[in-house]
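Read the structure below first, then the notes.
None of the figures in this text is laboratory data; all of them are computed from the coordinates on show. What you see is a predicted model, and the numbers here were worked out from it, not measured in a lab. Here the Cβ positions follow ideal geometry from the backbone for every residue, glycine too, while neighbour counts run over all protein chains shown.
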Amino acid sequence: MWYYEKKLQYPVRVGTCNPKLAKFLIEQYGGSDGELAAALRYLNQRYTIPDQVIGLLNDIGTEEFAHLEMIATMVYKLTKDATPEELKEAGLGAHYVNHGKSLFYENAAGANFTASYIASKGDPITDLYEDIAAEEKARATYQWIINLSDDPMLNDGLNFLRQREIVHSQRFREAVEIIKEEQGKKKIF
Amino acid sequence: MPTYRKWFQPYVSPFDPCPPLGPVPYETPAQLYLGFQRPGMPQFSPFQSLSHGTLWPALYTPYTDPYRGKRRPA
């Protein structure tokens, strides 16, 4: 079970009214390497991973939901005061027709979120390598969004999220080391 | 101390339709080099940790847009 803390993991500030950035940010909301995919991937893999690393998947999967919430806040702030005309100019006309101003789990190109974004092979090394790759892909996605964004306040939040991907990647790499460990097993090669 | 950004120069053809953009950057952040984190490594202060997104200076790899300030000559 979870306890909810009614605050963001890191404060979200948006400096400029630029709804176009919302269209880019939605990639991290409902895209293949986004925070939703990450949270669902790790929390689902928990059950069939060696028990030394279950807690890691649990903690990181939970944190991904906190990131999802930050992205949602950014998208909401960027779109809530936009007129339908401004949304259309930002490339969000089709989104507005389908969803109004509500958020939706879709990628930057408007493709709906799908469970096939999430891999779960049931082989611990395979799944952890998948997780490392997922963190690096999310890190790269943040870099591309930062390259496209000229809002320093927004980029501050995105830099925080990118740094978290780096830390998560490090921890998954350590998880691989833990489960392949031979020490204390009295094995002679 | 490793560098966290590398560059490579793709082949430039005399028949390329667009002018070359120059060397292409790619990021190689700290987690690629750290290995299994050893105990007792130095930490940031709590406030710095919050703003950096990590407790550990050894994992802190800030990012800046490598194309910033790069403009094609008009």
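Worth a mention:
- Gaussian network model of chain A, springs between alpha carbon atoms under 10 Å - residue of A:131, A:51, A:33 with greatest fluctuation: A:51
- Counting only DSSP H runs of at least 4 residues, each contributing -39500 (n - 2.57), and dividing by the residue count of the protein assembly as shown, the helix-based mean residue ellipticity at 222 nm comes to -15000 deg cm²/dmol.
- Pair residue A:150, residue A:59: separation of 7 Å Cα→Cβ label points (nm): 4.1 nm
- Shape analysis of chain B yields a ratio of the Cα radius of gyration to the Kirkwood radius, Rg/Rh, of 1.16.
- Mean projected area in nm² (Cα convex hull; one quarter of hull surface) for chain A: 12.2 nm²
- Among the trypsin sites (Lys or Arg not before Pro) in region A:105-189, those placed in a DSSP loop whose Cβ has at most 15 other Cβ atoms within 10 Å are A:121, A:185, A:186, A:187.
- Structure remark: mean-square fluctuation, Gaussian network model of chain B, C-alpha springs under 10 Å; the largest value among B:40, B:22, B:53 belongs to B:40.
- Gained length - residue A:2 relative to residue A:180, 0.36 nm times residue gap less alpha-carbon distance: 61.0 nm
- In chain B, chymotrypsin sites (Phe, Trp or Tyr not before Pro) in a DSSP loop with at most 10 other beta-carbon atoms within 10 Å: B:11, B:15
- Residues A:151, B:65, arranged from fewest to most other Cβ atoms within 10 angstrom of their Cβ, appear as B:65, A:151.
- Here the label points at residue A:115 and residue B:13, each 7 Å from Cα along the C-beta direction, are separated by 4.5 nm in the simple model.
- Long hydrophobic helices in chain A: the complete DSSP H runs spanning 27 Å or more by Cα along their own axis with mean Kyte-Doolittle hydropathy of at least -0.5 are A:54-79, A:124-148, A:152-180.
- The distance from the alpha carbon centre of region B:13-57 to that of region A:112-128 is 26 Å, rounded to a whole number.
- Relative contact order computed over region A:8-102 (Cα-Cα under 8 Å; 6+ residues apart), in percent: 38 percent
- Percentage relative contact order, region A:1-160, counting C-alpha pairs under 8 Å, at least six apart: 36 percent
- Paramagnetic reach from residue A:46 (point 7 Å along Cα→Cβ, amide N under 20 Å) across region A:58-102: A:58-70
- Region A:2-54-region A:131-179 distance, computed between alpha-carbon centres (Å): 11 Å
- Straightening the chain between residue A:20 and residue A:101 buys 27.8 nm, computed as 0.36 nm per residue apart minus the Cα-Cα spacing.
- Eligible aspartates and glutamates near residue B:6 by straight Cα distance, threshold 20 Å, same-chain separation 8 or greater: A:135, A:136, A:165, B:27, B:65
- Nearest-0.05 FRET efficiency for residue B:68 and residue A:81, computed from C-beta distance (R0 35 Å): 0.80
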